[in-house]
Amino acid sequence: MKEKIDINTWIRKDHFKFFSAFEEPFFGVTVEVDCTATYEEAKEHQVSFFLLYLHKSLVAANQVEPFSYRIIEGEVWKYNSVNAAATINRPNGTFGFGYMDFYHDFEDFRTAANKEIEKVQASTGLIPSSSGENVIHYSALPWLNFTSLSHARNYAYQDSCPKISFGKLRDENGRKIMPVSIHVNHALMDGYNVAQFVDRYQDLLNKKEVNEYINLKLKT
């Protein structure tokens, strides 16, 4: 489900018209997040650390409205929810793109995501799954402790999907620290909105009790 935003009455009217005329309207930042609690949570409950921090990033993105904006044929639309289009690494060193629906409950997300991962890893193509505009393009580079990152771009294609990349987890003074690169279309949001996402994401990473299914399992 999506609804069209009236650009003429939109508070970002001037910003949208200014930045949407750029050949490269995206801007990006790289931040570091503390994953200590989430890493411990994954180990304690024997779930994928990757899927847990990915799910929490989707929760955060779905709570910051501009991350649900997309430009379609020159018009701005707001989606009710955004999902994940993620790179899935294969044992042979290649990767494929996988599509993962967003579920508020981590157990539902994990179940569907694991099926998608198995499908991609059993395939040989680059794009075994299709997705719509209401996605965030995710990638994980667990081998690199990067401080900045750029993306391959086809400027002939009007792209407005946010791009979030996760780097290598490292130990620092007893904490688990991970770099996160965030690229977004400046016609749709500003640095303030990216900061909202980062703050919300860090808040979720700090909380072990964020996933209701884990609490339910502990009570049964």
The pairs in 4/115; 115/207; 115/208; 119/168; 163/207; 13/56 lying past 28 Å Cα-Cα in this model are 4/115; 13/56
FRET efficiency estimate (nearest 0.05) - Cβ-Cβ, residue 208 to residue 115, R0 25 angstrom = 0.45
Magnitude of the Cβ-charge dipole of the chain, K/R +1 and D/E -1, about the Cα centre, nearest 20 debye?
-> 320
Length gained when the stretch residue 72-residue 175 is fully extended (0.36 nm per residue, less Cα-Cα span) = 32.9 nm
C-alpha long axis of helix 106-121 to longest principal axis of the chain, angle in ° | 80
Find how many whole Å separate the alpha carbon centroid of the stretch 116-155 from the alpha carbon centroid of the stretch 82-98.
-> 5
Viscosity 0.890 mPa s, temperature 25 °C: Stokes-Einstein D of the stretch 1-75 from its Kirkwood Cα radius, in µm² per second?
-> 156
Spread of Cα-to-Cα distances over 10 Å intervals beginning at zero, given as percent, for the chain | 8, 32, 37, 19, 5, 0
Within the stretch 100-173, which chymotrypsin sites (Phe, Trp or Tyr not before Pro) sit in a loop by DSSP and count at most 11 neighbouring Cβ atoms inside 10 Å?
-> 143, 155, 157
Probe 1.4 Å, heavy atoms of protein chains only: per residue, the accessible area of the stretch 100-188 in Å² is 52
Just add up the charged neighbours of residue 153: K/R +1, D/E -1, any other residue whose Cβ is under 14 Å from the Cβ of residue 153.
-> -2
Residue of 85, 61, 140 that the Gaussian network model of the chain assigns the largest fluctuation, springs spanning Cα pairs under 10 Å = 140
Based on the Cβ-Cβ distance from residue 152 to residue 101, what FRET efficiency comes out when R0 is 25 Å, to the nearest 0.05?
-> 0.50
Could you tell me which of rounded, prolate or oblate describes the stretch 80-119, using a ≥ b ≥ c as the square roots of the eigenvalues of the alpha-carbon gyration tensor, with rounded for a/c under 1.5 and, failing that, prolate when a/b is larger than b/c and oblate otherwise?
-> oblate
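Before rounding to the nearest 500, sum -39500 (n - 2.57) across all DSSP H runs of length at least 4 in the chain and divide by the residue total; then give [θ] at 222 nm in deg cm²/dmol. Intermediate values should be presented prior to the final figure.
Values: 6 runs with 70 residues, N = 220.
So the helix-based figure for the chain works out to -10000 deg cm²/dmol.
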Return the FRET efficiency for the residue pair residue 22, residue 48: r is the Cβ-Cβ distance, R0 is 35 Å, and the value is rounded to the nearest 0.05.
-> 0.40
Once label points are set 7 Å from the Cα along Cα→Cβ at both residue 34 and residue 133, what is their separation, rounded to one decimal in nm?
-> 3.9
Cleavage-rule hits, GluC sites (Glu not before Pro), the stretch 37-105, DSSP coil, Cβ neighbours within 10 Å at most 15 | 73
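The values are calculated or read from the model by the stated rules, or taken from the named source; none is laboratory data. The model shown is predicted, which means the values in this text are computed figures rather than measured ones. Positions of Cβ are backbone-derived with ideal geometry, glycine not excepted, and every protein chain shown enters the neighbour counts. These accessible areas exclude ligands, DNA and RNA; they are computed on the full protein's heavy atoms, side chains included. Shrake-Rupley method; radii C 1.70, N 1.55, O 1.52, S 1.80 Å.
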